[in-house]
Every structure is written in structure tokens, then in C-alpha cells.
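Got a structure here, written out as C-alpha cells. Questions coming.
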Amino acid sequence: MPIGKDSKAGSPAAPASLRQGEESVLGSSLLFDGEITGSQNLVIEGKVQGKITLSQHSLTIARDAQVNAEIRVQNLTLQGSLEGTVQASGKVTIDPRARMSGDITAARISIREGAFFMGNLKIKPGLSGG
């Protein structure tokens, strides 16, 4: 099969990011300092400092990731380390072994046993839009 062709239709294949259409990954060897905005889900495996805005999408901070940021997302899953503020219109989940220092405002919050959290929580069900 020719490279870049869809085996069924014979037309050019969509890039993997469009076929999967759902998430980008900031790899473990990357250090990002600045502002991230986007219209797809994001997984952070490296180090990020700054501001992250994915208002209609989800952010996952992977187990070995380190983030120091102001975050505005639909949903956040924290598995690594986060220092900063979070505003989520949906759910924030802090997994076991995750560490967070900062403030969270969200429609729903789940802090799993074994997680570390130091900061303020505000639950605002109206943020989810319904």
C-alpha cells in the first residue's frame, strides 16, 4: 500500500491526529514555558510553566509530569505534580500519588486516597452548563 493512502478508499489518509481527533501529547523530555491554548485534549508528560486554556477539552497531567500553571479546562486528571490554580467546567480528578498545591474551582472534584492536596476547593455545579 502506498504511504499516505487509506487502504479502503484509496484516498490520502488523514494525519493520525485527525483520525484519532482527540489528544496531543507534550512528551516527557519537553520543557514548555509560556501559554498553551487549543481545541483538543492534551496530555502533559514533561514540564510546563505558564498558562493552559483548553476550555472545552480535557487535560491530563501524567504521573511524572511537573506543571506550574494557571489552568482553565473542561476536565482535569492529575496523576503527577501541579502547583497553581485550576478552573474546570466539568470534573477535576486527583489520582493516588498525585500532588497538588493551589486552588481548584470546578463543577465536580474527586481526590482519590493517597493523593496530596493543599489549597482551597470551590465546588460550583453551575460551571458544567447543566
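Being surrounded by 15 or more Cβ atoms within 10 Å (Cβ to Cβ) and either modelled with pLDDT under 95 or of a type outside the set (D, E, K, R) (or both) is true for just one of A14, A88. Which residue is that? Step through it out loud before you land on a result.
Numbers: A14 fails: surrounded by 15 or more Cβ atoms within 10 Å (Cβ to Cβ).
When all the criteria are applied, what remains is A88.
State yes or no: is S101 touching a residue at least 24 places away in the same chain (Cβ under 8 Å) and either part of a strand (DSSP E or B) or of a type in the set (K, R) (or both)?
It is false that S101 is touching a residue at least 24 places away in the same chain (Cβ under 8 Å) and either part of a strand (DSSP E or B) or of a type in the set (K, R) (or both).
If I go through the stretch 77-92 residue by residue, how many of them are over 16 Å from L54 (Cα atoms) and either outside any loop (DSSP other than H, G, I, E, B) or among the aromatic types (F, W, Y) (or both)?
3
Let me ask something additional. Here is a list of conditions, (1) modelled with pLDDT under 95; (2) assigned to a strand (DSSP E or B); (3) farther than 24 Å from V25 by Cβ, and S55 meets all of them except one; can you say which number that is?
(3)
Output the qualifying pairs, or none if there are none: Cβ atoms under 8 angstrom, residues six or more apart or on different chains, first residue in the stretch 70-93 and more than 16 Å from G34 (Cα to Cα), second residue part of a loop (DSSP other than H, G, I, E, B) and of a type in the set (D, E).
T77/D95; L78/D95; Q79/D95; G80/D64
Out of the residues in the stretch 24-68 that are acidic (D, E) and over 17 Å from Q79 (Cα atoms), which is surrounded by the fewest Cβ atoms within 10 Å (Cβ to Cβ)?
That would be D33.
To continue, here is another question. Tally time: how many residues in the stretch 97-116 are more than 16 Å from D64 (Cβ to Cβ) and buried (at least 17 other Cβ atoms within 10 Å of the Cβ)?
7
Among the listed residues G119, G114, identify the single one that is not aliphatic (A, V, I, L, M) and not in a loop (DSSP other than H, G, I, E, B).
G119
Just name the residue that is nearest to R97 (Cα to Cα) out of those in the stretch 58-76 that are assigned to a strand (DSSP E or B) and more than 10 Å from the chain's Cα centre (by Cα).
Ranking the qualifying residues of the stretch 58-76, first place goes to Q66.
The values are calculated or read from the model by the stated rules, or taken from the named source; none is laboratory data. These numbers come from a predicted model, not from an experiment. In this analysis, Cβ positions are derived from the backbone assuming ideal geometry, glycine residues included, and neighbour counts consider all displayed protein chains.
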